[in-house]
Amino acid sequence: MSGPSAGPPQAGPHPLGGSTGVPAGRGADIPGPPLWLLAELTYRCPLHCVFCYNPTDFARHEQELSTAEWVDVLRQGRALGAVQCGFSGGEPLLRDDLEELVAEAHRLGYYTNLLTSGVGLTPARAEAFRRAGLDHIQLSFQDSTRELNDFLSHTKTFALKQRVGDMLRDQGWPMVMNVVIHRLNIDHIGRIIEMAHELGAEYLELANTQYYSWAEVNRPHLIPTTEQLQRAEAITNTWREKLAGQMRLFFVAPDYHEGRPKKCMNGWGNVFLTITPDGAALPCHTARMLPGLAFPTVREMDLKTIWYDSDGFNRFRGTGWMQEPCVSCDEKEKDLGGCRCQAYMLAGDATAADPVCSKAPAHGVVRAAVEAADRGDAPAQPIVFRDRASSLRLSCGRGG
């Protein structure tokens, strides 16, 4: 999917060191290795964000991999050719073995990233991560104001995040921040950038919400107007010029307003390999929603077999699966048909053209959502915060 970004680009290529894992004697159409291994260590989280990209049925997937199982995943991923490892969740700091996993990933030669809310990061743990070889931490904020930051996460964490920002600088990590942008905070984007600069951020990712999982449930509350988006992008460009050489700004445009889809995770089963807390191996965070696809777990199958031979990873690789209008589109190699999860959610067919594309038969669904936001239509239901009770309710009401 094109959804949540994995963070800003990292500095330089990482040496592979050894075999890429590509089976000998197989054709040139065989994909390369997964370069980015995302270890979603847990769905547990102290925050209750309204745009969380964890699956809405996360409460049904609670049997987390053990430390030994995660170490085995890291070793298999490195042998397969992965060079970058991200530790995420939920909140990965809730895993007591996180320092051990970071140290093992560093020993194996990964470039290591920790994607965190900051809740649970103490000076002692920060020092332990530094000793373990953690390369960088991406810290998330929800807004530039205490009131909205704490409302969106349904927790009182704004002051804590500011302290964590100071802690990261003290440990010598590059200050990397992420803020998910949507209708409720997009008008604060100038102040968000200013706050990041005041905290000493070297990178700031302004990731406009992609409507999957909890963000899809809350979409009527979150989708900005066209005018808001244009104004926010102009403000970002002004700040980009002002802070040139001091801070890099990444503005991730939202799908719904673009008219063309993004390449799903840089190509389905092409670069990214996600391992969920219970061990399912996925080509994107939300692929489990797609009917008729089997995604093996690392408890059932080794990573090499999963990556190269499983139906889940092969079904939407390349362009051979496409229907019209994608088959005849001169942009099909550019976007590879867009997002399969978005196609399923909005068109009811995972093989359909991504409805965010203006050429897609189901594009009217996307246009209607944008037009409703532009008119200021009141949402029909209240905001649903991410928590276990809501997860169980949505699992029953929406079929998981």
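Let me have the relative contact order for the chain, percent, based on Cα pairs under 8 Å that are six or more residues apart.
21
Can you tell me the mean projection area, over all orientations, of the convex hull of the chain's alpha carbons? Units nm², please.
Approximately 18.8 nm², given one-decimal rounding.
Report the relative contact order of the range 98-169, percent, no decimals, based on alpha-carbon pairs under 8 angstrom and at least 6 residues apart.
33
Taking the range 199-268, how much of its Cα-Cα pair set, in percent, is spaced more than 17 angstrom apart?
54
Where a ≥ b ≥ c are the square roots of the eigenvalues of the C-alpha gyration tensor, would you call the range 140-240 rounded, which needs a/c under 1.5, or, failing that, prolate if a/b is larger than b/c, or oblate?
Judged from the Cα gyration tensor, the range 140-240 comes out oblate (a/c at least 1.5, b/c at or above a/b).
Which distance in nm do the two modelled labels at R131 and N237 give, with both placed 7 Å along the Cα-to-Cβ direction?
Each label point is offset 7 Å from its Cα along the Cβ direction, giving 5.0 nm.
What ³J(HN,Hα) values, in whole Hz, does the Karplus curve 6.51 cos²θ - 1.76 cosθ + 1.60 give for the range 370-377 when θ = phi - 60°, with x put for Gly and Pro?
Karplus-based 3J(HN,Hα) across the range 370-377 equals 5, 5, 5, 5, 5, 6, x, 4 Hz.
What are the aspartates and glutamates whose alpha-carbon lies under 15 Å from the alpha-carbon of K263, with same-chain residues fewer than 8 places away excluded?
Leaving aside aspartates and glutamates fewer than 8 places away in the same chain, those within reach of K263 are D255, D330, E331, E333, D335, D354.
Report, in whole Å, the centroid distance computed from the Cα atoms of the range 276-324 and the range 217-248.
Using only Cα atoms, the two centres lie 34 Å from each other.
For the range 241-380, calculate the relative contact order in percent as a whole number, restricting contacts to Cα pairs under 8 Å that are 6 or more residues apart.
Once divided by the residue count of the range 241-380, the mean separation gives 24 percent.
Counting other Cβ atoms within 10 Å, which chymotrypsin sites (Phe, Trp or Tyr not before Pro) in the range 256-292 have at most 12 and lie in a DSSP loop?
In loop regions of the range 256-292 (DSSP not H, G, I, E or B), there are no sparsely surrounded chymotrypsin sites (Phe, Trp or Tyr not before Pro).
FRET efficiency for R107 and V327, Cβ-Cβ distance as r, R0 = 56 Å, nearest 0.05?
0.75
With θ set to phi - 60°, apply the Karplus curve 6.51 cos²θ - 1.76 cosθ + 1.60 along the range 355-367 and write out the HN-Hα couplings as whole Hz, x wherever there is a Gly or Pro.
Going residue by residue, I get x, 5, 6, 5, 8, 6, x, 9, 4, x, 5, 5, 4 Hz, with x marking Gly and Pro.
Answer rounded, prolate or oblate for the range 287-397, using the Cα gyration tensor with square roots of eigenvalues a ≥ b ≥ c: rounded when a/c is under 1.5, else prolate when a/b is larger than b/c, else oblate.
Oblate, since a/c reaches 1.5 and b/c is not below a/b.
A244 to Q63: extension gain in nm, 0.36 nm per residue of separation minus the Cα-Cα distance?
Full-extension gain reported as 60.6 nm.
Give the range of the longest stretch in the chain that excludes all trypsin sites (Lys or Arg not before Pro) found in loop regions by DSSP and having at most 14 other beta-carbon atoms within 10 Å.
My reading of the result: 157-298 is the longest stretch.
Can you work out the FRET efficiency for the pair M301 and T122, with r the C-beta to C-beta distance and R0 = 51 Å, to the nearest 0.05?
With a Förster radius of 51 Å, E is 0.85.
A short reminder: the numbers here are calculations on the coordinates, not readings from a lab. Treat the numbers as computed from the prediction; the structure is a model and nothing was measured. Methodologically, a virtual Cβ is constructed for each residue, glycine included, from the backbone with ideal geometry; neighbour enumeration extends over all protein chains shown.
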